[in-house]
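Since the structure comes first, as structure tokens, the remarks are kept for the end.
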Amino acid sequence: MDPVTAVAAAGVALVVKGALETAGQEAGRSGWAGGARLLERIRARFRGNADAENALDRLTGSPDDETAQQALERQLAAHMLLDPDFEAEIRRFVDEAVAAQGRSGAQISAALIKNAQVFNGKVDVQGNWTTS
């Protein structure tokens with residue numbers, strides 16, 4: 001997965017998390033208070049682009065919808081590729097969220113991220129290990 005797509009996937013996971021928190025399903029679990037700022041920044045960037053606005057609205061209305069998550073990820077990645085400043089802003093939001101996880105111990109749920117690559121710290125594997 002290329003870096004822009006990875007950041008877009010993480011951004012979508014944060015939007016999903018924020019939507020769930022707003023709906024009360026995950027309230028109080030996040031140590032990061034930037035979800036509303038991220039959502040508003042994305043909404044402002046998408047303004048005037050009906051497809052992008054619809055993707056965002058669909059996801060915030062139904063955060064568990066995987067098709068909506070994928071549509072928003074595509075729109076977010078496309079806007080990031082077109083605007084390096086916007087890409088840098090989204091990266092900052094993702095970095096802030098990761099830093100907040102370290103302070104609070106909270107984590108973005110793997111169930112929200114699903115197929116996205118997540119970059120964590122070093123992982124050591126020991127013992128007998130086979131794959132098929």
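The values are calculated or read from the model by the stated rules, or taken from the named source; none is laboratory data. The structure presented is a predicted model; accordingly, all values stated were derived computationally and were not measured. We place every Cβ from the backbone using ideal geometry, glycine too, and count neighbours over all the protein chains shown.
If I ask for residues that are in a helix (DSSP H, G or I), of a type outside the set (S, T, N, Q) and touching a helix residue (DSSP H, G or I) at 6+ places or on another chain (Cβ under 9 Å), which ones from the stretch 58-67 would you list?
As a first pass, look at the stretch 58-67 and keep what is in a helix (DSSP H, G or I): 58-61, 66-67.
After this cut, where a residue has to be of a type outside the set (S, T, N, Q) as well, the list is 58-59, 61, 66.
Passing the criteria: ARG58, LEU59, GLY61.
Kindly evaluate ALA44 against the criterion of being at pLDDT 90 or above, loosely packed, with under 14 Cβ neighbours inside 10 Å, more than 18 Å from LEU20 (Cα to Cα) and among the small types (Gly, Ala, Ser).
Working: at pLDDT 90 or above: yes; loosely packed, with under 14 Cβ neighbours inside 10 Å: yes; more than 18 Å from LEU20 (Cα to Cα): yes; among the small types (Gly, Ala, Ser): yes.
Yes.
What are the residues in the stretch 51-70 that are closer than 20 Å to GLU87 by Cα and of a type in the set (Gly, Ala, Ser), if any?
ALA52, ALA55
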